[in-house]
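Trainee: Would you mind keeping the following structure in view while I ask a few things?
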Amino acid sequence: MQIDFKNINLPNPAFQEAHGFFVRDGKHLFRADYLPRGETTSCLVLCSPFAEEKVRTQRVYVSLARALASAGAAAVCFDYYGDGDSEGDFEDARFKDRLLDIKAIYRDACEQTGARRTGLLGLRWGATLAALAAEELQPDFLVLWDPIVDTDKYFRDHLRSHLASQMLTEGKVIRTREQLIEDLRAGEVLTVEGYNLTGDFFFAASQAGLVSRTFARAGKTLLMQIGGITGRIRPELTGLQAAMKDCTLQAVPREFQWDKTEIWQPAPPRLFEQTLNYLDEHGFFGRVL
Amino acid sequence: MAFSEECFDLTNRLGETMYGIVHRPETPNGGMVVLFNIGLHYRTSHSRMFVRLARHLRGAGFTVARMDLSRVGYAQGEIRTERAIDMYDAVQTGLFREDAERGLARLRERYQPKRLVLVGLCGGALTATITAASDGKADGVVFIAGPVTVTSAEAELSTMHIFEADQMLSMYSRRVLNPGAWLRFFSGKSDYHDLLGALKTKFVDLRSRLRPRSRDDTPVAEREENKGDILNRVFLAALDRLLNAGRQVLFVMPELDRATYDFDRLYLRTFNRRYADRQDQHRIVRIPKANHTFSSIASSRMLFETIEQWLNERVRA
């Protein structure tokens, strides 16, 4: 597909942007819809990653939504309950709220756009959630950008930030990672990178990984490894590919960051190009190739 | 409390759409607060600090707006750079001023506040100050952890900041009697690169302190290569205009932050001399054990309460 990613965020009369709040079970969820003018037959819902990774990659999502809309597909960015611009505090949201949010937004987006070809896309933990939600939603397309496969390890590693904060403010580690996990188990709320984590959320999210999971969904899946040596695929991703039906595994170099913000790359060209080409080649945009 | 947040949008001179959220209070007190983003980040700020701050102030009766100015967050427009750090100087000297002015004009027209205060964190503190000065109608500014110096991207990337060097050396010194730490050090597990960088920074700092000081704060040509030590003149000029126009300014500085370190080391002397006769117009509040993004709950709560108290005392309608 020929899309000018360097100028993807400039005003484009080919589509319109609508911001608002969607109500799910009385909870106001922020959403931004990118809607091609005229008829659209395809729609992709974008699932955000976790905590600060979401903040650091928000512009990548917006850019992708604009790229999709410029190619004729509707795209929806949204914030989970208790996250981003949505209602609630971070600690108010249970793990299952994340999945309920995805399902509600997806169903509404499909209904509103009347799309015949639909999909979910996520980055990191957003990809993990998208894969879990897809089992029930059965979207035609699932795009997983560097998903967190081992969520137990991911959330345990996340607690490292708490240790670093202890070093900064107290000069030493007062509570080890194991003690922090015990604190969570005992019902304490833990603040990590400014986000309040409850034990309920932490343990449920940790346990809902993609390792050794069986997937029944029938649609197409694009699994992207981001970073590392592109010729060498991480075993966890090959394992995930094997567990999914009709799953294509590709690799791209890491063009943007989710762990820091030194690089300004709101529209990573290789990642976008491979993603859009995959969708196009498999008929997502409804074009006859 | 009922959910009362609504989206708004406007376009800038280039036709780029900018998006924001307004938090409307149940019982408005006539005051409006506009929050400006940290650097190139979007309107929620780190750990949703701006969302939480907006909801806190909304609870106190203020109408609060958060918005993405063009080229960041949800807004349209492109920044032509590959490294975020290359934009810091531009942000800190008014990159977003014109868009911010447009935003203020729209918000004034729509909500007709009796009092208006601009709040910003880091680069957003500079946007708030510079915009308030040029706009001329804002009643005050809350300057949170803003850098008061101009930046050299190359120096930033190649040299450890003295604040960070102090932090690192302090951490090592606390472990000097810890055998495990020495074992890690001699078994190659310590970060020698960072340790050497910290020692180098301390040495250079010590040497510069032993040199005779310039009596004038004006940047001189021979100091240009070390931009990190030069005060931001655009900011100084904006602050002059604000204080001369009788506006109120609150500085909130986190204890564990290099911005505060530079504020104290490079700026406080100038500030105290320039504005000694305007004590009733400015206040400096330090938040203990707070980092740059106030990521502990205690520090962000103290930040929110400090701002609310100041707004009620100094600028409430």
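The values are calculated or read from the model by the stated rules, or taken from the named source; none is laboratory data. Note that the coordinates shown come from a computational prediction; the quantities given were computed from them, not determined experimentally. Cβ atoms come from the backbone with ideal geometry, glycine included; neighbour counts cover every protein chain shown. SASA here: full protein model, heavy atoms, side chains in, ligands and nucleic acids out. Shrake-Rupley method; radii C 1.70, N 1.55, O 1.52, S 1.80 Å.
Trainee: With just the Cα atoms defining each centre, how far is the range B:23-82 from the range A:1-80? Give it in Å.
Mentor: Spelled out, the Cα-based centre of one part sits 20 Å from the other.
Trainee: How much net charge surrounds A:PRO268 when only the other residues with a Cβ under 12 Å from the Cβ of A:PRO268 are counted, with Lys and Arg +1 and Asp and Glu -1? Spell out each step's value before the answer.
Mentor: Values: positive: A:LYS6, A:ARG59, A:ARG254, A:ARG270; negative: A:ASP146, A:GLU255, A:GLU273, B:GLU82.
Around A:PRO268, the charge tally is 0.
Trainee: Considering only protein heavy atoms and a 1.4 Å probe, what is the carbon-and-sulfur percentage of the accessible area of the range B:1-80?
Mentor: For the range B:1-80, the apolar C and S fraction of the accessible surface comes to 47 percent.
Trainee: Other chains near A:20-29: what is the mean number of their Cβ atoms within 10 Å of each residue's Cβ?
Mentor: That average works out to 1.
Trainee: Something else now. Can you tell me what the convex hull of the Cα atoms of the range B:118-217 projects to on average, as an area in nm²?
Mentor: Details: hull surface 39.6 nm².
Value for the range B:118-217: 9.9 nm².
Trainee: Tell me, which residues of the range B:292-317 get at least 30 Å² less accessible area when the other protein chains come in, versus the chain alone (1.4 Å probe)?
Mentor: B:SER295, B:ILE297
Trainee: Protein chains only, probe 1.4 Å: how do B:GLU26, A:GLU136, A:GLU52, B:GLU164 rank by accessible area, largest first? Walk me through the numbers on the way to the answer.
Mentor: Values: B:GLU26 125, A:GLU136 100, A:GLU52 10, B:GLU164 80 Å².
So, going from the largest accessible area down, we get B:GLU26, A:GLU136, B:GLU164, A:GLU52.
Trainee: Next question, about the same structure. Per residue, how many Å² of accessible area does the protein assembly as shown show with a 1.4 Å probe?
Mentor: Averaged over the residues of the protein assembly as shown, the accessible area is 42 Å².
Trainee: Something else about it: First select every other residue whose beta carbon is under 14 angstrom from the beta carbon of B:MET253; then total the charges, Lys and Arg +1, Asp and Glu -1.
Mentor: Net charge in that neighbourhood comes out at +1.
Trainee: How large is the convex hull of the C-alpha atoms of the protein assembly as shown per residue, in Å³? Don't skip to the answer; put the middle values down first.
Mentor: Working: hull volume 100.9 nm³, N = 606.
Here the figure is 166 Å³ per residue.
Trainee: Tell me the accessible surface of B:SER152 in square angstrom (1.4 angstrom probe, heavy atoms of protein chains only), to the nearest ten.
Mentor: The value for B:SER152 is about 20 Å².
Trainee: Can I ask one more? Over 21 Å between Cα atoms: which of A:LYS153/A:LYS220; A:LYS27/A:LYS96; A:LYS54/A:LYS260 fall into that group?
Mentor: From A:LYS153/A:LYS220; A:LYS27/A:LYS96; A:LYS54/A:LYS260, over 21 Å: A:LYS153/A:LYS220.
Trainee: For the protein assembly as shown, what is the percent of antiparallel DSSP beta bridges, rounded to the nearest 5?
Mentor: Here the share of antiparallel DSSP bridges comes out near 35 percent.
Trainee: Take peptide A:48-59, look around each residue's Cβ out to 10 angstrom, count Cβ atoms belonging to other protein chains, and average those counts.
Mentor: Numbers: counts 0, 0, 0, 3, 5, 0, 3, 8, 3, 0, 8, 10.
Mean shielding by partner chains, rounded to a whole number: 3.
Trainee: Turning to a different aspect of this structure: Chain pair B, A: how much accessible area is buried, both chains summed, with a 1.4 Å probe, in Å² to 100?
Mentor: 3700 Å²
Trainee: Once each part is reduced to its C-alpha centroid, what is the distance from the range A:220-289 to the range B:130-178 in angstrom?
Mentor: If we compute the Cα centre of each part, the gap is 37 Å.
Trainee: Moving on. Could the peptides A:121-134, B:258-271 be put in order, highest first, of the mean number of other beta-carbon atoms found within 10 Å of their residues?
Mentor: A:121-134, B:258-271
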